Amino acid sequence: MYIVLFIVLVVAAAPVSADQNDTHVLIVYYSMTGNTEEMARAVAEGVGSVDGAVAVLKTIDEVEKDDLIRADGIILGSPSYYANVATPMKNFIDKWYFDYELPLFDKVGGAFCSGGSRTGGQELVVISMLMAMMNNGMIVAGPLYEAWGTFGATSVTETPPHDGVDKYELGDCRLLGQRVASIAKRMNALR
Ligand SMILES: Cc1cc2nc3c(=O)[nH]c(=O)nc-3n(C[C@H](O)[C@H](O)[C@H](O)COP(=O)(O)O)c2cc1C
């Protein structure tokens, strides 16, 4: 009788294993006026559209070392500042080595950027974040369309007729989240 009771208690206390099988995609962003944040939320929706994938959405101030360790995929978002990654996001990236001493090998990475003007350096910022990820041993990917792929998702927010992030740009963000999550899920299945 007591043995049966003991077994019941142990099973009841065991954590649900579904979480361990989930694919975790961490989305980290820096945003001062909300455009990059809006894009980050759409990226999270794209991650959530993949079965068994969980989006973890954090600002650079909220994210912790454990979030990076647990992540199967990492997607970064920064505004374009003088055609460069915004300093707070670059400081976060530099922490990977200096503070966290973290191996990010074979985690799947992606990037997105918001800029005020057309040709405002958005692609340079995306590529710069992807290069930092590859330098840390990560596998990088961008949104996929019917017959081609792109480096990441970008937006033009302040040049007419653009006013904020538009629905097409948000669609690109969802595709980015979807792609990174589905590759990370396939990588998990190989482990
Ligand atoms: C210091 C500074 C530098 C900027 N430099 C650029 C730039 O080089 N190219 C560009 O397209 N936009 C530039 N912008 C505009 C921002 O990238 C744009 O407003 C962006 O949408 C802001 O994102 P957020 O709303 O997430 O803060 C700059 C803004 C600031 C504050």
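Tabulated results
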read-out: Conditions (1) in contact (Cβ under 8 Å) with a residue 40 or more places away in the chain; (2) touching a strand residue (DSSP E or B) at 6+ places or on another chain (Cβ under 9 Å); (3) open to solvent by less than 10 Å² (accessible area, probe 1.4 Å): number failed by Trp96; value: (2)
read-out: Which numbered condition Tyr82 misses (of (1) away from the ligand (no atom under 16 Å from the Cβ); (2) exposed (fewer than 14 other Cβ atoms within 10 Å of the Cβ)); value: (1)
read-out: Criterion violated by Arg186 - all others in (1) assigned to a loop (DSSP other than H, G, I, E, B); (2) away from the ligand (no atom under 16 Å from the Cβ); (3) open to solvent by 50 Å² or more (accessible area, probe 1.4 Å); (4) not polar (S, T, N, Q) satisfied; value: (1)
read-out: Conditions (1) more than 10 Å from the ligand (Cβ to nearest atom); (2) basic (Lys, Arg); (3) open to solvent by 80 Å² or more (accessible area, probe 1.4 Å): number failed by Lys107; value: (3)
read-out: Residue list for the range 117-171, filter: open to solvent by less than 20 Å² (accessible area, probe 1.4 Å), in a helix (DSSP H, G or I) and within 22 Å of Lys107 (Cα to Cα); value: Val125, Val126, Met129, Leu130, Met133
read-out: Residue list for the range 89-116, filter: part of a strand (DSSP E or B) and under 14 Å from the mean Cα position of the chain (by Cα); value: Val108, Gly109, Gly110, Ala111, Phe112, Cys113
read-out: Number of positions in the range 143-162 that are more than 15 Å from the ligand (Cβ to nearest atom) and at pLDDT below 95; value: 7
read-out: Residues of the range 21-74 that turn out to be part of a loop (DSSP other than H, G, I, E, B), within 16 Å of the ligand (Cβ to nearest atom) and surrounded by 22 or more Cβ atoms within 10 Å (Cβ to Cβ), as a count; value: 1
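The values are calculated or read from the model by the stated rules, or taken from the named source; none is laboratory data. Bear in mind that the values here come from a model prediction, so they are computed numbers and not experimental data. Virtual Cβ from ideal backbone geometry, glycine too; neighbours counted across all protein chains shown. Remember, those area values only see protein heavy atoms, side chains included, never the ligands or the DNA or RNA. Shrake-Rupley method; radii C 1.70, N 1.55, O 1.52, S 1.80 Å.
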